[in-house]
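Reading through the structure tokens given below for one structure.
A short reminder: the numbers here are calculations on the coordinates, not readings from a lab. It should be emphasised that the depicted structure is a prediction, and the values quoted were computed from it without experimental measurement. Cβ placement follows ideal geometry from the backbone for every residue including glycine, while neighbour counts extend to all protein chains displayed.
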Amino acid sequence: MRLLKLFRYIRAFDIVWITLRAASRQLAASFAMAGVIIYVSAYALYFAEGKIQPENFGSVPRALWWSVATLTTVGYGDVYPITPLGKILAAFIALVGVAMVALPAGILASTFQTQLHKSDKK
């Protein structure tokens, strides 16, 4: 608990907090977009692979596991598509996943730079 109290006295943590508050709308929008993409990609793989691999993609909740693992770029490899259509969809979804991870990072970096620049002017 004493370590958490130190955050109050370090100026850089104030800038981080201000950055998170300033970028909260953009971050919320990017996370909402990620949620929609996860759900849509789970549906796409359910339709492409559900009949071929019912144990992995036989329902949308089962396909959601693959979708989350792929879009967050974790890619455990325990579940993967085997049909040509499934592989094409998976490749596209994996690329979208990389973009979805990069989007919040870019938002935070640019907002942090702006806040840092503002604090240097004071």
Quiz prompt | Nitroxide proxy distance, nm - points 7 Å out along Cα→Cβ at ASP78 and LYS118 | solution = 4.3
Quiz item: What ranking of PHE47, PHE13 emerges when the number of other C-beta atoms within 10 Å of each C-beta is taken as an exposure proxy, fewest first?
Solution: PHE13, PHE47
Quiz item: If the viscosity is 1.002 mPa s and the temperature 20 °C, what Stokes-Einstein diffusion coefficient in µm²/s follows for segment 63-110 when Rh is the Kirkwood radius over Cα pairs?
Solution: 189
Quiz item: Between ALA28 and LYS51, what length in nm is gained on full extension when 0.36 nm per residue of separation is reduced by their alpha carbon distance?
Solution: 4.8 nm
Exercise. Give, in nm to one decimal, the length gained when the segment between LYS87 and LYS5 is fully stretched (0.36 nm per residue of separation minus the Cα-Cα distance).
Key: 24.5 nm
Quiz item: Taking the structure as given and computing Cα extents along the principal axes in Å, which label from (1) 39, 34, 27; (2) 62, 31, 20; (3) 71, 43, 19 fits?
Solution: (2)
